[in-house]
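**Student:** Pasting in a structure now, in structure tokens, and then I'll have a few things to ask.
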Amino acid sequence: MPSTGADHTQAMRRYAATRAATLAADNLCGYVLKKDSPSCGMERVPVYGSGSTAAHAGRGVFAAAR
């Protein structure tokens, strides 16, 4: 969270892995993902480091879940 400095990465990764496994059991053919989303962007997702400028080098945690 750029505004607070809180890091929710591990909680999001756990949720994404659990949710992806649940959806896989539903025999889906695919997902609709949103560009630049921290949860489901496929590439060039903004990643904030110690500064306020984002590097566009990430992948959304749900998109990366297997």
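The values are calculated or read from the model by the stated rules, or taken from the named source; none is laboratory data. None of the values given here were measured: they were computed from a predicted structure. Cβ: placed from backbone, ideal geometry, glycine included. Neighbour counts: every protein chain shown. Ligands, DNA and RNA are excluded from the accessible area calculation, which covers all protein heavy atoms including side chains. Shrake-Rupley method; radii C 1.70, N 1.55, O 1.52, S 1.80 Å.
**Student:** Looking at (1) within 12 Å of the chain's Cα centre (by Cα); (2) surrounded by fewer than 14 Cβ atoms within 10 Å (Cβ to Cβ), which is the only condition Thr4 fails?
**Tutor:** (1)
**Student:** Under 6 Å between Cβ atoms, at least 6 apart or on separate chains: pull out the pairs that start in region 3-28 with a residue that is among the aliphatic types (A, V, I, L, M) and end on any residue that is outside any loop (DSSP other than H, G, I, E, B) and open to solvent by less than 70 Å² (accessible area, probe 1.4 Å).
**Tutor:** The qualifying pairs are Met12/Val61; Ala16/Val61; Ala16/Phe62.
**Student:** Give region 49-66 a look and list any residue that's hydrophobic (A, V, I, L, M, F, W, C) and either closer than 19 Å to Thr4 by Cβ or open to solvent by less than 60 Å² (accessible area, probe 1.4 Å) (or both), or say none.
**Tutor:** Of everything in region 49-66, those that are hydrophobic (A, V, I, L, M, F, W, C) and either closer than 19 Å to Thr4 by Cβ or open to solvent by less than 60 Å² (accessible area, probe 1.4 Å) (or both) turn out to be Ala54, Ala55, Val61, Phe62, Ala63, Ala64, Ala65.
**Student:** Next up: Consider Pro46 carefully, then state whether it is surrounded by 10 or more Cβ atoms within 10 Å (Cβ to Cβ), part of a loop (DSSP other than H, G, I, E, B) and not charged (D, E, K, R).
**Tutor:** Criteria not met by Pro46.
**Student:** Any idea which of (1) out of contact with any helix residue (DSSP H, G or I) (no Cβ under 7 Å at 6 or more places or on another chain); (2) assigned to a loop (DSSP other than H, G, I, E, B) is the one Gly41 doesn't satisfy?
**Tutor:** In the conditions (1) out of contact with any helix residue (DSSP H, G or I) (no Cβ under 7 Å at 6 or more places or on another chain); (2) assigned to a loop (DSSP other than H, G, I, E, B), Gly41 misses (1) alone.
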